[in-house]
1. Scan the range 342-356 and give yes if some residue there is more than 22 Å from Y104 (Cα to Cα) and within 16 Å of the ligand (Cβ to nearest atom), otherwise no.
2. Out of F205, F144, F218, I need the residue that is within 21 Å of the chain's Cα centre (by Cα) and within 16 Å of the ligand (Cβ to nearest atom). Which one?
3. Tell me, please, whether a residue that is within 30 Å of I163 (Cα to Cα) and crowded, with 19+ Cβ neighbours inside 10 Å can be found in the range 294-301.
4. Do we have any residue at all in the range 117-135 that's more than 16 Å from the ligand (Cβ to nearest atom), part of a strand (DSSP E or B) and at pLDDT 95 or above?
5. Which one of V226, V176, V236, V212 is over 19 Å from the mean Cα position of the chain (by Cα), under 17 Å from C254 (Cα atoms) and either away from the ligand (no atom under 16 Å from the Cβ) or not aromatic (F, W, Y) (or both)?
6. Please determine, by comparing only the residues of the range 147-173 that are aliphatic (A, V, I, L, M) and closer than 21 Å to S96 by Cβ, which one is farthest from the ligand (Cβ to nearest atom).
7. Just checking, does the range 163-172 include any residue being at positive phi and in contact (Cβ under 8 Å) with a residue 40 or more places away in the chain?
Amino acid sequence: MKTAALYAFVALLPTFANAQAQTWQQCGGIGWSGPTTCVSGTTCTKLNDYYSQCIPGASSAPATTPPATTPPPTSVPTSVPPTSPTTGTGSTPTASPNNPWTGYQVYLSPFYAQEVTAAAAQISDKTLAAKAASVAKIPTFTWFDTINKTADLGTYLADAQSIQKSTGQKQLVQIVVYDLPDRDCAAKASNGEFSIANNGQANYFNYIDQLVAQIKQFPDVRVVAVIEPDSLANLVTNLNLQKCSNAQQTYLACVNYALKQLSAVGVYSYMDAGHAGWLGWPANLSPAAQLFAKVYKDAGSSPFIKGLATNVANYNALQAASPDPITQGNSNYDEIHYINALGPLLQQQGFPATFIVDQGRSGQQNLRQQWGDWCNIKGAGFGTRPTTNTGSSLIDSIVWVKPGGECDGTSNSSSPRFDSTCSLSDADQPAPEAGTWFQEYFTTLVSKANPPL
Ligand code: BGC
(Lines give C-alpha, C1' and ligand atoms only; values in the text may rest on other atoms or scores of the structure.)
Protein backbone atom coordinates (compact mmCIF):
# COMPACT_ATOMS: atom_id res chain seq x y z
CA MET A 1 0.00 0.00 0.00
CA LYS A 2 2.84 2.34 0.78
CA THR A 3 4.17 1.63 -2.62
CA ALA A 4 0.80 2.29 -4.15
CA ALA A 5 0.55 5.55 -2.26
CA LEU A 6 3.96 6.54 -3.48
CA TYR A 7 3.06 5.70 -7.06
CA ALA A 8 -0.02 7.84 -6.78
CA PHE A 9 2.10 10.72 -5.60
CA VAL A 10 4.90 10.26 -8.06
CA ALA A 11 2.38 10.08 -10.89
CA LEU A 12 1.51 13.68 -10.23
CA LEU A 13 5.08 14.81 -10.44
CA PRO A 14 7.40 14.91 -13.44
CA THR A 15 8.99 11.50 -13.56
CA PHE A 16 10.97 11.44 -16.79
CA ALA A 17 14.65 12.05 -16.57
CA ASN A 18 14.58 14.30 -19.62
CA ALA A 19 11.67 16.49 -18.57
CA GLN A 20 12.18 19.76 -16.81
CA ALA A 21 10.87 20.13 -13.28
CA GLN A 22 7.97 22.53 -12.87
CA THR A 23 7.88 25.56 -10.58
CA TRP A 24 8.24 24.50 -6.91
CA GLN A 25 9.06 20.93 -7.82
CA GLN A 26 12.13 19.01 -6.77
CA CYS A 27 15.15 19.24 -9.07
CA GLY A 28 17.91 17.60 -7.09
CA GLY A 29 19.21 16.24 -3.81
CA ILE A 30 20.58 13.00 -2.43
CA GLY A 31 18.57 10.13 -3.81
CA TRP A 32 16.79 12.23 -6.42
CA SER A 33 16.57 10.61 -9.84
CA GLY A 34 14.10 12.97 -11.50
CA PRO A 35 14.77 16.02 -13.66
CA THR A 36 17.59 18.31 -12.62
CA THR A 37 16.70 21.31 -14.73
CA CYS A 38 13.80 23.66 -14.23
CA VAL A 39 11.23 25.26 -16.50
CA SER A 40 12.09 28.69 -17.75
CA GLY A 41 11.65 31.50 -15.27
CA THR A 42 12.68 29.32 -12.35
CA THR A 43 16.01 28.29 -10.92
CA CYS A 44 17.04 25.00 -9.39
CA THR A 45 18.03 26.10 -5.91
CA LYS A 46 19.66 23.89 -3.30
CA LEU A 47 17.73 24.02 -0.03
CA ASN A 48 19.73 21.29 1.65
CA ASP A 49 21.66 18.14 0.72
CA TYR A 50 18.41 16.28 0.22
CA TYR A 51 16.41 18.83 -1.64
CA SER A 52 16.78 21.29 -4.47
CA GLN A 53 13.77 23.05 -5.84
CA CYS A 54 12.68 25.12 -8.87
CA ILE A 55 12.16 28.54 -7.36
CA PRO A 56 10.77 31.39 -9.49
CA GLY A 57 13.30 33.96 -10.61
CA ALA A 58 16.57 33.87 -12.44
CA SER A 59 19.80 33.40 -10.62
CA SER A 60 23.42 33.91 -11.42
CA ALA A 61 24.07 30.62 -9.65
CA PRO A 62 24.27 27.46 -11.77
CA ALA A 63 20.76 26.36 -12.63
CA THR A 64 21.16 22.70 -11.82
CA THR A 65 22.13 20.55 -8.94
CA PRO A 66 24.01 17.44 -10.00
CA PRO A 67 21.90 14.34 -9.44
CA ALA A 68 23.08 12.53 -6.36
CA THR A 69 23.68 8.83 -6.42
CA THR A 70 23.45 7.79 -2.79
CA PRO A 71 20.03 6.63 -1.62
CA PRO A 72 18.38 8.66 1.12
CA PRO A 73 19.28 7.43 4.59
CA THR A 74 16.45 5.31 5.84
CA SER A 75 18.23 3.01 8.20
CA VAL A 76 21.15 4.97 9.57
CA PRO A 77 20.46 7.93 11.80
CA THR A 78 22.30 10.99 10.64
CA SER A 79 22.65 14.40 12.06
CA VAL A 80 20.36 17.10 10.70
CA PRO A 81 21.43 17.95 7.15
CA PRO A 82 23.22 21.28 6.93
CA THR A 83 20.91 24.20 6.45
CA SER A 84 21.44 26.94 3.95
CA PRO A 85 23.56 29.71 5.44
CA THR A 86 21.26 32.37 4.06
CA THR A 87 18.06 31.07 5.60
CA GLY A 88 17.09 29.92 9.07
CA THR A 89 17.80 32.12 12.03
CA GLY A 90 19.29 29.78 14.57
CA SER A 91 17.58 31.82 17.25
CA THR A 92 15.11 30.16 19.60
CA PRO A 93 11.53 30.84 18.53
CA THR A 94 9.03 32.18 21.03
CA ALA A 95 5.56 30.64 21.22
CA SER A 96 2.55 32.87 20.89
CA PRO A 97 0.09 32.35 23.75
CA ASN A 98 -2.76 32.88 21.29
CA ASN A 99 -4.64 30.55 19.04
CA PRO A 100 -2.01 29.54 16.42
CA TRP A 101 -4.47 30.09 13.56
CA THR A 102 -5.30 33.68 14.50
CA GLY A 103 -3.96 36.07 11.89
CA TYR A 104 -2.89 33.26 9.54
CA GLN A 105 -4.29 31.85 6.35
CA VAL A 106 -4.11 28.08 6.05
CA TYR A 107 -1.94 26.96 3.16
CA LEU A 108 -3.73 24.62 0.74
CA SER A 109 -1.87 21.36 0.14
CA PRO A 110 -1.12 21.24 -3.60
CA PHE A 111 -1.03 17.46 -3.35
CA TYR A 112 -4.58 17.20 -2.05
CA ALA A 113 -5.73 19.86 -4.50
CA GLN A 114 -4.33 17.72 -7.33
CA GLU A 115 -6.03 14.60 -5.99
CA VAL A 116 -9.34 16.43 -5.76
CA THR A 117 -9.07 18.11 -9.14
CA ALA A 118 -8.25 14.81 -10.83
CA ALA A 119 -11.15 13.13 -9.00
CA ALA A 120 -13.63 15.87 -9.91
CA ALA A 121 -12.65 15.54 -13.58
CA GLN A 122 -13.89 11.94 -13.49
CA ILE A 123 -17.38 12.82 -12.27
CA SER A 124 -19.81 13.05 -15.17
CA ASP A 125 -22.64 14.84 -13.36
CA LYS A 126 -21.69 18.49 -13.90
CA THR A 127 -23.25 19.82 -10.70
CA LEU A 128 -21.61 17.15 -8.56
CA ALA A 129 -18.29 17.65 -10.38
CA ALA A 130 -18.33 21.38 -9.59
CA LYS A 131 -19.05 20.67 -5.94
CA ALA A 132 -16.27 18.09 -5.89
CA ALA A 133 -13.81 20.53 -7.44
CA SER A 134 -14.59 23.11 -4.77
CA VAL A 135 -13.11 20.78 -2.13
CA ALA A 136 -9.64 21.65 -3.46
CA LYS A 137 -9.99 25.02 -1.74
CA ILE A 138 -10.72 23.57 1.70
CA PRO A 139 -7.57 23.15 3.78
CA THR A 140 -6.61 19.69 5.03
CA PHE A 141 -3.53 18.47 6.81
CA THR A 142 -0.71 16.87 4.83
CA TRP A 143 0.36 13.49 6.17
CA PHE A 144 4.05 12.61 6.25
CA ASP A 145 3.54 8.87 6.47
CA THR A 146 6.88 7.80 4.97
CA ILE A 147 10.36 9.28 5.23
CA ASN A 148 10.48 9.69 1.44
CA LYS A 149 7.79 12.32 1.63
CA THR A 150 9.65 14.54 4.09
CA ALA A 151 11.41 16.44 1.29
CA ASP A 152 8.02 17.56 -0.01
CA LEU A 153 7.59 19.63 3.10
CA GLY A 154 10.30 21.96 1.82
CA THR A 155 8.32 22.40 -1.40
CA TYR A 156 5.18 23.35 0.48
CA LEU A 157 6.98 25.67 2.87
CA ALA A 158 8.78 27.45 0.03
CA ASP A 159 5.48 27.83 -1.79
CA ALA A 160 3.79 29.13 1.37
CA GLN A 161 6.63 31.57 1.92
CA SER A 162 6.32 32.87 -1.59
CA ILE A 163 2.53 33.34 -1.21
CA GLN A 164 3.23 35.14 2.05
CA LYS A 165 5.70 37.45 0.34
CA SER A 166 3.50 38.22 -2.63
CA THR A 167 0.20 38.68 -0.76
CA GLY A 168 1.35 39.92 2.63
CA GLN A 169 -0.93 37.27 4.14
CA LYS A 170 0.82 35.10 6.71
CA GLN A 171 0.66 31.38 5.93
CA LEU A 172 0.19 28.36 8.18
CA VAL A 173 1.08 24.87 6.97
CA GLN A 174 -0.73 21.92 8.59
CA ILE A 175 1.11 18.61 8.84
CA VAL A 176 0.61 15.17 10.37
CA VAL A 177 3.67 13.47 11.80
CA TYR A 178 2.95 9.79 11.20
CA ASP A 179 5.82 7.33 10.90
CA LEU A 180 6.32 5.61 14.26
CA PRO A 181 8.03 2.25 14.23
CA ASP A 182 5.46 -0.54 14.70
CA ARG A 183 2.84 2.01 13.76
CA ASP A 184 -0.85 1.23 14.20
CA CYS A 185 -0.10 -1.35 16.88
CA ALA A 186 -3.75 -2.26 17.53
CA ALA A 187 -4.78 -2.56 13.89
CA LYS A 188 -3.24 -3.50 10.58
CA ALA A 189 -4.50 -1.13 7.92
CA SER A 190 -1.92 1.60 8.52
CA ASN A 191 1.12 -0.43 9.54
CA GLY A 192 4.15 1.65 8.66
CA GLU A 193 7.60 1.36 7.13
CA PHE A 194 9.71 1.17 10.32
CA SER A 195 9.88 -1.68 12.77
CA ILE A 196 11.21 -1.56 16.30
CA ALA A 197 13.13 -4.76 15.75
CA ASN A 198 14.93 -3.25 12.78
CA ASN A 199 16.41 0.00 14.03
CA GLY A 200 12.99 1.66 14.17
CA GLN A 201 13.69 4.24 16.83
CA ALA A 202 16.83 5.52 15.14
CA ASN A 203 15.02 5.59 11.81
CA TYR A 204 12.22 7.58 13.37
CA PHE A 205 14.63 10.11 14.88
CA ASN A 206 16.10 10.50 11.42
CA TYR A 207 12.60 11.02 9.97
CA ILE A 208 11.99 13.80 12.50
CA ASP A 209 15.38 15.30 11.69
CA GLN A 210 14.41 15.42 8.03
CA LEU A 211 11.19 17.29 8.79
CA VAL A 212 13.00 19.68 11.12
CA ALA A 213 15.69 20.36 8.51
CA GLN A 214 12.99 21.55 6.11
CA ILE A 215 11.13 23.62 8.67
CA LYS A 216 14.30 25.40 9.77
CA GLN A 217 14.70 26.87 6.31
CA PHE A 218 11.44 28.78 6.56
CA PRO A 219 11.21 30.41 9.97
CA ASP A 220 8.59 32.89 8.74
CA VAL A 221 6.04 30.25 7.82
CA ARG A 222 4.01 28.87 10.71
CA VAL A 223 3.69 25.11 11.03
CA VAL A 224 1.07 23.24 13.06
CA ALA A 225 1.47 19.49 13.55
CA VAL A 226 -0.75 16.65 14.66
CA ILE A 227 1.48 14.15 16.37
CA GLU A 228 1.10 10.45 15.62
CA PRO A 229 -2.56 9.52 15.31
CA ASP A 230 -3.64 6.63 17.54
CA SER A 231 -0.26 6.10 19.21
CA LEU A 232 -0.72 7.44 22.75
CA ALA A 233 -4.37 6.41 22.82
CA ASN A 234 -3.22 2.86 22.14
CA LEU A 235 -0.94 3.14 25.16
CA VAL A 236 -3.93 4.07 27.30
CA THR A 237 -6.26 1.24 26.28
CA ASN A 238 -4.45 -1.40 24.25
CA LEU A 239 -1.45 -2.47 26.28
CA ASN A 240 -3.08 -5.89 26.53
CA LEU A 241 -2.03 -6.36 22.91
CA GLN A 242 1.50 -7.67 22.55
CA LYS A 243 2.42 -5.33 19.70
CA CYS A 244 1.29 -2.27 21.69
CA SER A 245 2.95 -3.25 24.96
CA ASN A 246 6.13 -4.04 23.08
CA ALA A 247 5.96 -0.61 21.44
CA GLN A 248 5.22 1.39 24.57
CA GLN A 249 8.71 2.61 25.46
CA THR A 250 9.62 3.25 21.84
CA TYR A 251 6.45 5.23 21.16
CA LEU A 252 7.16 7.37 24.22
CA ALA A 253 10.78 7.96 23.26
CA CYS A 254 9.82 8.80 19.68
CA VAL A 255 6.96 11.16 20.58
CA ASN A 256 9.23 12.84 23.11
CA TYR A 257 11.88 13.36 20.43
CA ALA A 258 9.31 14.66 17.94
CA LEU A 259 7.82 17.14 20.41
CA LYS A 260 11.17 18.47 21.55
CA GLN A 261 12.67 18.83 18.09
CA LEU A 262 9.56 20.37 16.58
CA SER A 263 9.15 22.79 19.49
CA ALA A 264 12.75 23.88 19.04
CA VAL A 265 11.95 25.09 15.52
CA GLY A 266 8.67 26.72 16.50
CA VAL A 267 6.13 24.13 15.38
CA TYR A 268 2.82 24.18 17.29
CA SER A 269 1.96 20.57 18.19
CA TYR A 270 -1.25 18.77 19.06
CA MET A 271 -0.91 15.19 20.21
CA ASP A 272 -3.56 12.85 18.87
CA ALA A 273 -6.07 11.90 21.58
CA GLY A 274 -8.38 9.43 19.87
CA HIS A 275 -12.02 10.42 20.11
CA ALA A 276 -15.08 10.41 22.36
CA GLY A 277 -15.77 6.74 21.71
CA TRP A 278 -12.24 5.78 22.70
CA LEU A 279 -10.61 7.84 25.44
CA GLY A 280 -13.91 9.61 26.12
CA TRP A 281 -15.28 6.64 28.07
CA PRO A 282 -15.34 7.73 31.73
CA ALA A 283 -12.91 5.02 32.84
CA ASN A 284 -10.33 6.11 30.25
CA LEU A 285 -10.37 9.85 30.89
CA SER A 286 -8.17 10.01 33.92
CA PRO A 287 -5.49 7.58 32.66
CA ALA A 288 -5.48 9.51 29.39
CA ALA A 289 -5.03 12.86 31.15
CA GLN A 290 -2.18 11.44 33.18
CA LEU A 291 -0.39 10.09 30.16
CA PHE A 292 -0.75 13.23 28.03
CA ALA A 293 0.35 15.47 30.91
CA LYS A 294 3.37 13.27 31.52
CA VAL A 295 4.35 13.31 27.87
CA TYR A 296 3.96 17.11 27.84
CA LYS A 297 6.15 17.52 30.92
CA ASP A 298 8.73 15.00 29.75
CA ALA A 299 9.07 17.08 26.58
CA GLY A 300 9.87 20.14 28.68
CA SER A 301 6.35 21.65 28.95
CA SER A 302 7.07 23.72 25.88
CA PRO A 303 4.43 26.36 25.12
CA PHE A 304 4.63 25.10 21.54
CA ILE A 305 2.95 21.88 22.71
CA LYS A 306 -0.49 23.39 22.48
CA GLY A 307 -2.68 20.46 23.32
CA LEU A 308 -4.55 17.61 21.73
CA ALA A 309 -6.22 16.70 18.45
CA THR A 310 -9.41 14.66 18.59
CA ASN A 311 -11.53 12.69 16.13
CA VAL A 312 -8.68 12.45 13.63
CA ALA A 313 -9.91 10.39 10.65
CA ASN A 314 -13.02 9.52 12.67
CA TYR A 315 -16.68 10.32 12.18
CA ASN A 316 -18.03 11.81 15.42
CA ALA A 317 -19.89 15.10 15.47
CA LEU A 318 -18.45 17.96 17.47
CA GLN A 319 -21.93 18.54 18.80
CA ALA A 320 -24.43 15.78 18.02
CA ALA A 321 -28.07 16.77 17.65
CA SER A 322 -28.85 13.71 19.76
CA PRO A 323 -26.69 10.81 20.92
CA ASP A 324 -26.15 8.12 18.30
CA PRO A 325 -27.66 4.92 19.83
CA ILE A 326 -24.26 3.19 19.52
CA THR A 327 -22.81 5.64 22.08
CA GLN A 328 -25.11 4.33 24.79
CA GLY A 329 -23.45 4.12 28.18
CA ASN A 330 -21.04 6.98 27.50
CA SER A 331 -22.22 10.40 28.62
CA ASN A 332 -19.44 11.82 26.43
CA TYR A 333 -21.29 10.92 23.27
CA ASP A 334 -19.73 13.60 21.03
CA GLU A 335 -16.45 15.50 20.79
CA ILE A 336 -17.55 18.55 22.76
CA HIS A 337 -18.56 16.40 25.72
CA TYR A 338 -15.27 14.53 25.49
CA ILE A 339 -13.22 17.73 25.31
CA ASN A 340 -15.12 19.37 28.14
CA ALA A 341 -14.45 16.29 30.27
CA LEU A 342 -10.77 15.89 29.38
CA GLY A 343 -9.71 19.57 29.35
CA PRO A 344 -10.09 20.19 33.09
CA LEU A 345 -8.34 16.91 33.96
CA LEU A 346 -5.36 17.99 31.88
CA GLN A 347 -5.34 21.37 33.59
CA GLN A 348 -5.29 19.65 36.97
CA GLN A 349 -2.29 17.66 35.81
CA GLY A 350 -0.47 20.86 34.82
CA PHE A 351 -1.06 20.71 31.05
CA PRO A 352 -2.95 23.84 29.89
CA ALA A 353 -4.09 22.07 26.74
CA THR A 354 -6.36 23.39 24.04
CA PHE A 355 -7.84 21.25 21.29
CA ILE A 356 -8.39 20.90 17.59
CA VAL A 357 -11.14 18.64 16.25
CA ASP A 358 -11.31 16.87 12.91
CA GLN A 359 -14.74 17.29 11.30
CA GLY A 360 -13.69 16.49 7.75
CA ARG A 361 -15.90 13.40 7.43
CA SER A 362 -18.42 14.06 10.20
CA GLY A 363 -21.21 15.61 8.12
CA GLN A 364 -23.57 12.63 8.51
CA GLN A 365 -24.27 10.89 11.80
CA ASN A 366 -25.70 7.57 13.03
CA LEU A 367 -24.01 5.55 10.29
CA ARG A 368 -22.14 2.91 12.24
CA GLN A 369 -23.00 -0.51 13.62
CA GLN A 370 -20.59 -0.01 16.48
CA TRP A 371 -18.79 3.05 17.76
CA GLY A 372 -15.41 1.40 17.35
CA ASP A 373 -15.85 1.03 13.57
CA TRP A 374 -13.43 3.37 11.82
CA CYS A 375 -12.82 2.11 8.31
CA ASN A 376 -14.36 3.89 5.29
CA ILE A 377 -17.75 4.23 6.97
CA LYS A 378 -20.50 4.04 4.36
CA GLY A 379 -22.59 7.12 3.75
CA ALA A 380 -20.17 9.59 5.36
CA GLY A 381 -20.26 13.20 4.13
CA PHE A 382 -17.83 16.09 4.38
CA GLY A 383 -18.49 18.03 7.59
CA THR A 384 -18.16 21.48 9.11
CA ARG A 385 -15.57 23.57 7.27
CA PRO A 386 -12.34 24.42 9.04
CA THR A 387 -12.82 27.45 11.26
CA THR A 388 -11.55 29.12 14.40
CA ASN A 389 -15.13 30.00 15.16
CA THR A 390 -15.48 26.91 17.32
CA GLY A 391 -17.95 27.94 20.00
CA SER A 392 -15.57 26.75 22.73
CA SER A 393 -12.61 28.45 24.38
CA LEU A 394 -11.06 24.98 24.71
CA ILE A 395 -11.05 24.47 20.93
CA ASP A 396 -8.56 26.43 18.82
CA SER A 397 -9.84 25.23 15.49
CA ILE A 398 -12.19 22.87 13.72
CA VAL A 399 -9.96 21.24 11.13
CA TRP A 400 -9.94 18.62 8.38
CA VAL A 401 -7.06 16.32 9.30
CA LYS A 402 -7.90 13.26 7.22
CA PRO A 403 -7.92 14.29 3.54
CA GLY A 404 -11.38 13.12 2.54
CA GLY A 405 -11.19 10.69 -0.37
CA GLU A 406 -8.00 9.03 0.86
CA CYS A 407 -8.75 5.53 2.04
CA ASP A 408 -8.63 4.23 5.64
CA GLY A 409 -7.67 0.69 4.73
CA THR A 410 -8.06 -2.04 2.15
CA SER A 411 -10.97 -4.47 2.04
CA ASN A 412 -8.84 -6.99 0.14
CA SER A 413 -8.41 -9.86 2.57
CA SER A 414 -5.24 -11.09 0.87
CA SER A 415 -3.36 -7.85 1.50
CA PRO A 416 -0.75 -7.97 4.30
CA ARG A 417 -2.37 -4.84 5.73
CA PHE A 418 -5.92 -6.20 5.58
CA ASP A 419 -7.80 -5.35 8.75
CA SER A 420 -11.14 -7.11 9.13
CA THR A 421 -12.70 -3.81 10.28
CA CYS A 422 -12.48 -2.72 6.64
CA SER A 423 -14.80 -5.52 5.53
CA LEU A 424 -17.54 -4.97 8.14
CA SER A 425 -21.01 -4.29 6.82
CA ASP A 426 -20.74 -0.56 7.55
CA ALA A 427 -17.44 -0.24 5.63
CA ASP A 428 -17.58 0.86 1.99
CA GLN A 429 -16.17 -1.83 -0.34
CA PRO A 430 -14.16 -2.61 -2.39
CA ALA A 431 -11.63 -0.28 -0.81
CA PRO A 432 -7.99 0.25 -1.86
CA GLU A 433 -4.97 0.50 0.47
CA ALA A 434 -4.86 3.07 3.27
CA GLY A 435 -3.85 6.51 2.08
CA THR A 436 -4.58 5.86 -1.60
CA TRP A 437 -7.42 7.52 -3.45
CA PHE A 438 -10.88 6.00 -3.11
CA GLN A 439 -12.95 7.64 -5.82
CA GLU A 440 -16.34 6.20 -4.96
CA TYR A 441 -15.87 7.20 -1.34
CA PHE A 442 -14.91 10.74 -2.28
CA THR A 443 -17.99 11.10 -4.48
CA THR A 444 -20.22 10.09 -1.58
CA LEU A 445 -18.46 12.51 0.78
CA VAL A 446 -19.24 15.25 -1.74
CA SER A 447 -22.88 14.35 -2.28
CA LYS A 448 -23.53 13.86 1.45
CA ALA A 449 -21.61 16.94 2.59
CA ASN A 450 -23.28 18.71 5.49
CA PRO A 451 -23.34 21.69 5.26
CA PRO A 452 -23.72 21.06 1.53
CA LEU A 453 -20.93 22.08 -0.82
C1 BGC B 1 -2.86 6.14 6.08
C2 BGC B 1 -1.80 7.07 5.61
C3 BGC B 1 -2.43 8.30 4.96
C4 BGC B 1 -3.42 8.93 5.91
C5 BGC B 1 -4.15 10.09 5.27
C6 BGC B 1 -3.82 6.87 6.99
O7 BGC B 1 -4.88 6.02 7.30
O8 BGC B 1 -2.28 5.06 6.76
O9 BGC B 1 -1.00 6.41 4.68
O10 BGC B 1 -1.44 9.22 4.62
O11 BGC B 1 -4.37 7.98 6.32
O12 BGC B 1 -4.97 9.69 4.24
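The values are calculated or read from the model by the stated rules, or taken from the named source; none is laboratory data. Model, not experiment: these values are computed from the prediction. Counting neighbours? That spans all protein chains shown, and the Cβs are built from the backbone with ideal geometry, glycine included.
1. Checked the range 342-356: no residue is more than 22 Å from Y104 (Cα to Cα) and within 16 Å of the ligand (Cβ to nearest atom).
2. Numbers: F205 fails: within 16 Å of the ligand (Cβ to nearest atom); F218 fails: within 16 Å of the ligand (Cβ to nearest atom).
It is F144.
3. no
4. no
5. Values: V226 fails: over 19 Å from the mean Cα position of the chain (by Cα); V176 fails: over 19 Å from the mean Cα position of the chain (by Cα); V212 fails: over 19 Å from the mean Cα position of the chain (by Cα).
The unique qualifying residue is V236.
6. Only one residue tops the list, namely I163.
7. Within the range 163-172 (the criterion being at positive phi and in contact (Cβ under 8 Å) with a residue 40 or more places away in the chain), the answer is no, since none of the residues qualifies.
Residues are listed down the side, and each one gets a yes or a no for (1) of a type in the set (A, V, I, L, M); (2) within 16 Å of the ligand (Cβ to nearest atom); (3) in contact (Cβ under 8 Å) with a residue 60 or more places away in the chain; (4) in a loop (DSSP other than H, G, I, E, B):
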site	(1), (2), (3), (4)
A321	yes, no, no, yes
N330	no, no, no, yes
G379	no, no, yes, yes
S393	no, no, no, yes
D396	no, no, yes, no
V401	yes, yes, yes, yes
